[in-house]
Each structure stands twice: as C-alpha cells, then as structure tokens.
Amino acid sequence: MQSTPRTFENLYPPSASFLLLGARVSVADKLVEEGEMKLAEMDLKAAYAKFKKAVEVDPNNARAYFGRAESALGVDKVTPGDILRDYRKAAELDPNQAGFYLSSLGAFNLSIGQLVPAENAYREAAAKDPENAVSYLTDFATSFYATRMGESEEMDKAEMDHIRYQTLVYLCNALGLSPADAVDLLTKKPAMPAPRAVVAEVGDEEDA
C-alpha cells in the first residue's frame, strides 16, 4: 500500500469559506498558507505571527500548531517547552498525521539534547504510523549519529565507538533485528535469491 508523503502539502484537504489560489480554505488555513510562505523565506518572526494568529482563529487547527512550533526558533521568549507542547498538540488534534508530528517532536527533543524523550517520540510515531515506522526509526538513528558526531573533534575513539555502537543498535531496532541477529546476517552474507518468474496477466498477453 502506497503511504501518503509526509509533507505540508499533503497534510490537509482545503476546508470551506475563503478563496485562495482557486481552492476554498478557511481563514485559519489561509493564515497557515501565508505562514508557510514566510517559513520558506526563512522569515521566522513573520511566520510565527501568522501561525500564532491561525491558532487564535481556530484552536483546533493542527497544522497551525505545527507551523508555530517550526517557526518558533526565530522568536524571543518562546521556550523549548512551548515548542514541545505545540508539536504534541498537533499530534493530538490530527491522529491521521500523528506520526509526522511526533517525529518532528522527536527531532526537536534530539536537537536540545533530550535523548530519551526523543527516542520515545520516534517510537510513538512509529506506533501511530506503522507504514512509515522504518523511516521514523531510521531517521532517529541517523539523526542521533549526526548530532552526537558533530562533537567528534572533542571526543576520543572510545566515545566515538560508543556512538557508532548505539547508532547500530537503533538501526537494528528500525529493521526489527536484535544486534545478535544483525551480526549473524553479516557473518552469513546471504546470497540474493534468484529473480522470481513474472507471470503475464491475460490482458497483457492480448495487448502484446
């Protein structure tokens, strides 16, 4: 089954009452669209203002909470707790996109050094959105590695080896393997199976 791409454009269908680019959208959704444009331009303060207004207009707009969290780093007096609450609120308001929002929550936790909450958020994302579970858990593993190895100039080999080991454990988890299973596979080096024979459909034979 094809999963829905996890992008802003595919989060929501347009809702009623405001004309924008030929589609009818609500006032809050119009503010969100404007906020996204400002976010794309890296005008974080202007984006935050749009998303903040959208939340005020429609307190049940998950996309507005998400946008406010994404743009908050450019705004003074917004705390990490405020950002975490907005990501969480977005996930609560839109269960169908909870995996997307929770993985973003996990990424933010990781960026502020909160490893355990980050792992928990990614695991929750995987549980809410099983079709993309491998993607979420792999993203956590690689993001953990990139974040921690960014400090590698100040580390000795033992510290770097521990980070590599932990990253491999996270990747094994993403693939549904224990570390022992992974070692066994790498040791056995299983050969690629022979290609399966393709059985032509009746319609394909008639077209040929």
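The values are calculated or read from the model by the stated rules, or taken from the named source; none is laboratory data. Please read all numbers here as calculations on a predicted model, not as lab measurements. Here the Cβ positions follow ideal geometry from the backbone for every residue, glycine too, while neighbour counts run over all protein chains shown.
Identify all residues within segment 139-158 that are surrounded by fewer than 17 Cβ atoms within 10 Å (Cβ to Cβ) and not charged (D, E, K, R); write none if there are none.
First, pick out the residues of segment 139-158 that are surrounded by fewer than 17 Cβ atoms within 10 Å (Cβ to Cβ): 142, 146-147, 149-158.
Within segment 139-158, Thr142, Ala146, Thr147, Met149, Gly150, Ser152, Met155, Ala158 qualify.
So for segment 155-167 (the condition being assigned to a loop (DSSP other than H, G, I, E, B) and not acidic (Asp, Glu)), does at least one residue qualify?
Among the residues of segment 155-167, at least one is assigned to a loop (DSSP other than H, G, I, E, B) and not acidic (Asp, Glu), which makes the answer yes.
Go through segment 158-191 and give me each residue that's touching a residue at least 12 places away in the same chain (Cβ under 8 Å) and small (Gly, Ala, Ser).
Passing the criteria: Ala174, Ala182.
How many residues does segment 69-89 contain that are of a type in the set (Lys, Arg), surrounded by 19 or more Cβ atoms within 10 Å (Cβ to Cβ) and free of Cβ contacts under 8 Å to residues at least 24 places away in the same chain? Don't jump to the end; show me each part of the working.
Filtering segment 69-89 for residues of a type in the set (Lys, Arg) gives 77, 85, 88-89.
Imposing the further condition that a residue be surrounded by 19 or more Cβ atoms within 10 Å (Cβ to Cβ) reduces the set to 89.
When the remaining residues are screened for being free of Cβ contacts under 8 Å to residues at least 24 places away in the same chain, the result is none.
Residues in segment 69-89 being of a type in the set (Lys, Arg), surrounded by 19 or more Cβ atoms within 10 Å (Cβ to Cβ) and free of Cβ contacts under 8 Å to residues at least 24 places away in the same chain: 0 in total.
Kindly indicate whether Ala62 is touching a helix residue (DSSP H, G or I) at 6+ places or on another chain (Cβ under 6 Å) and within 20 Å of Asp129 (Cα to Cα).
Here the answer is yes, as Ala62 does meet what is asked.
Going by the conditions given, is Ala194 in a helix (DSSP H, G or I) and of a type in the set (Gly, Ala, Ser)?
Spelling it out, it is not the case that Ala194 is in a helix (DSSP H, G or I) and of a type in the set (Gly, Ala, Ser).
With respect to Glu92, is the statement that it is surrounded by fewer than 22 Cβ atoms within 10 Å (Cβ to Cβ) and modelled with pLDDT under 95 true? It would help to see each step written out before you state the result.
Numbers: surrounded by fewer than 22 Cβ atoms within 10 Å (Cβ to Cβ): yes; modelled with pLDDT under 95: no.
Taking the combined requirement at face value, the residue does not satisfy it.
Within segment 104-120, identify whether any single residue is buried (at least 18 other Cβ atoms within 10 Å of the Cβ), of a type in the set (Gly, Ala, Ser) and touching a residue at least 40 places away in the same chain (Cβ under 8 Å), and answer yes or no.
So far as segment 104-120 goes, no, none of its residues is buried (at least 18 other Cβ atoms within 10 Å of the Cβ), of a type in the set (Gly, Ala, Ser) and touching a residue at least 40 places away in the same chain (Cβ under 8 Å).
Residues that are more than 20 Å from the chain's Cα centre (by Cα): list the helices (runs of 4 or more DSSP H) wholly contained in segment 31-122 that include at least 3 such residues.
Per the criteria, 44-57.
State which residue is nearest to the chain's Cα centre (by Cα) when the search covers only segment 168-191 and only residues that are of a type in the set (D, E, K, R) and part of a helix (DSSP H, G or I). Break it down stepwise before answering.
Pass one, segment 168-191, residues of a type in the set (D, E, K, R): 181, 184, 188-189.
Next, only the ones that are part of a helix (DSSP H, G or I) stay: 181, 184, 188.
Details: Asp181: 27, Asp184: 31, Lys188: 34 Å.
Filtering segment 168-191 for residues that are of a type in the set (D, E, K, R) and part of a helix (DSSP H, G or I), the one nearest to the chain's Cα centre (by Cα) comes out as Asp181.
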